[in-house]
Amino acid sequence: MPNVTPEMYDSVMLMKQQMLVDSLNVAQTALNDSLHATNELMFKTRTELQVTKDTLSNSSFKINNVWMMIATALVFIMHLGFATLESGLTQAKNTTNVLFKNSIVPAIGIMTHAICGFNFMYPGFELGVSMDFIGFKGFGIELPEGGETAAYNGGMTYWTDFLFQAMFAATAATIVSGAVAERIRLMSFMVFSIIFTAFIYPIIGSWKWGGGWLNTIGFMDFAGSTLVHSVGGWAALAGVILLGARHGKYDKGMIKPIQGHNMTSAVIGTFMLWLGWFGFNGGSVLSAEPGIVSRVLVMTCVSGSCGAIAAAFTIFAINKNFDLSMVLNGILAGLVGITAGADQMKILDATIIGQISGSLVVGSVIMFDKLRLDDPVGALSVHLVCGIWGTLAVGLFGAKAGVAQLLTQLTGVGAVAVAAFGSSFLIFLLIKYTIGLRVGKEEEIFGLDESEHYMEAYPNFMTK
């Protein structure tokens with residue numbers, strides 16, 4: 001075996017070291033390439049995940065907005081329901097007048113809401129802190145930054161929000177129309193409707209839905225038993241008191257029923273209103289969240305159904321007959337009664353609320369007649385009385401039930417009563433002593449179609 005010289009040994013060691021360095025360099029390069037590929041894959045994955053997230057978020061926003069637009073359309077259709085119900089429960093000689101009022105009110109409500117009502121309703125109160133009673137963001141509606149995207153609201157665009165709320169404003173004014181029907185001057189009614197939808201309704205609504213003082217103290221009104229129905233009901237009561245009863249309604253101490261002329265129309269109107277309530281209450285979720293929306297719709301239908309059944313048997317127990325008009329108002333009473341707490345109730349709660357609403361509306365109609373407060377369609381009983389009941393029911397049933405909540409609900413009912421009735425009474429009083437509130441006796445006897453419109457709804461029909 002040849003001798004290994006130091007030089008040879010050093011050379012071999014250098015070769016081994018170089019081979020080791022080369023191997024390490026190759027391994028390092030491979031590792032770097034692997035890490036680079038991994039980073040690229042992770043970046044690509046993160047990008048794809050973000051795109052997926054953004055796509056899902058955008059799809060959710062689109063679905064929510066579409067549902068809110070459908071809900072808006074359903075509430076809009078309620079005005080046709082009000083028109084057919086009110087015209088059916090009043091006399092044929094006033095049909096054109098009733099239809100005209102119910103046609104002009106949505107237009108008034110939308111435009112006053114656009115001019116100032118929306119900004120009175122949502123003035124920018126500090127949510128959860130404000131104890132304000134009134135605020136105003138200015139005239140007109142102007143698209144805020146991001147108003148057509150989810151940045152404005154995850155459930156809808158600014159435009160959808162405005163239109164949905166405008167439908168509610170018009171609904172509150174329509175409630176007044178039925179109670180004062182067949183004897184109010186058309187111009188006087190329109191003047192009142194303008195003031196009511198521009199100022200009274202949105203300012204009171206801002207106390208809760210705009211983040212004002214009622215919202216801060218914990219008052220609950222999911223879709224408007226008080227803020228829509230009772231506000232309209234209190235205004236209607238003011239008008240009924242100042243107008244007085246229709247000619248011949250209360251004669252020589254007797255209550256003389258004045259029959260509606262078309263129960264078919266009344267039934268169609270009631271069912272259109274019931275359909276509209278799917279948007280009224282379902283839309284008040286303010287998104288298309290499946291669980292809450294479906295629960296709200298079920299509770300709404302259960303309460304309306306129980307209202308119909310309770311009203312039918314309550315009036316039968318009193319008069320020994322089944323009064324169709326009472327059943328129709330029983331449906332509406334149950335719907336109004338559940339509106340304040342439809343998102344908080346269970347089936348049993350909705351059943352009880354609807355049953356009480358149905359019986360309450362029958363007793364209330366009889367009570368108002370005994371008080372000589374003439375309401376041709378039962379609007380006071382349905383919207384005012386059952387609106388109050390539904391608001392208080394939030395403190396008695398469901399997830400929020402409790403003494404503290406009941407007292408808060410009472411506070412809200414009382415405050416709204418003073419504001420809505422007081423302001424409406426003052427406006428009606430001013431109208432009465434300026435342009436006049438009621439038509440003349442002769443005009444009333446011959447019908448408002450002739451005196452206010454020079455147009456008959458049924459020109460080819462002759463009375464005996």
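A short reminder: the numbers here are calculations on the coordinates, not readings from a lab. Just so it is clear, the structure is predicted and the values come from calculations on it, not from any experiment. Reconstructed Cβ throughout: ideal geometry from the backbone, glycine too, with neighbour counts over all protein chains shown.
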Given charges at beta-carbon only (K, R positive; D, E negative), |dipole| of the chain in Debye: 1840 debye
Calculated FRET value between LEU406 and LYS62, using beta carbons and R₀ = 30 Å, to 0.05: 0.15
Span-rule helices in the chain, defined as complete DSSP H runs reaching 20 Å or more along the axis (Cα) with Kyte mean at least 1.6: 324-339, 403-432
Local electrostatic count at ILE141 - Lys and Arg +1, Asp and Glu -1, tallied over other residues with Cβ under 14 Å: -2
Reach of LYS249 by Cα under 19 Å, taken over lysines that are not fewer than 8 positions away in the same chain: LYS93, LYS370, LYS441
Semi-axes of the equivalent ellipsoid for region 330-403, Cα gyration tensor, largest first, Å: 24, 11, 9
Volume per residue of the C-alpha convex hull in region 48-197, rounded to whole Å³: 126 Å³
Relative packing of peptides 423-435, 92-104 - highest average C-beta neighbours within 10 Å first: 92-104, 423-435
14 Å beta-carbon shell around GLU452, net charge (K/R +1, D/E -1): -2
Residue list for region 88-118, given a label point 7 angstrom along the Cα-to-Cβ vector of GLU456 and an amide N cut-off under 15 Å: 92-97
Spin-label pair HIS36/ASP22, simplified geometry with 7 Å Cα→Cβ offset, distance in nm: 2.2 nm
Per-bin percent of Cα-Cα distances, the chain [10 Å]: 4, 18, 27, 21, 10, 4, 3, 3, 3, 2, 2, 1, 1, 0, 0
Rounded, prolate or oblate (a/c below 1.5 giving rounded, otherwise prolate when a/b exceeds b/c) for region 365-410 by Cα gyration tensor: prolate
Helix-only [θ]222 nm of the chain, DSSP H runs n ≥ 4, -39500 (n - 2.57) each, per residue, nearest 500: -22000 deg cm²/dmol
Kirkwood-type radius of region 207-332, with distances r between different C-alpha atoms, in Å: 17.6 Å
Ranked packing of 344-353, 168-177, most packed first, by mean Cβ within 10 Å: 168-177, 344-353
Per-q log10 I(q)/I(0), region 195-234, q = 0.14, 0.34 Å⁻¹ (Debye; single scatterer per alpha-carbon; no solvent): -0.27, -1.17
All aspartates and glutamates inside 14 Å of LYS101 as judged from Cα atoms, apart from same-chain residues fewer than 8 positions distant: GLU86, GLU182, ASP449, GLU452
Per-peptide average of other Cβ atoms within 10 Å, ordering 280-288, 184-192 highest first: 280-288, 184-192
Principal axis dimensions, largest first and in whole angstrom, of region 350-440 by Cα: 50, 26, 17
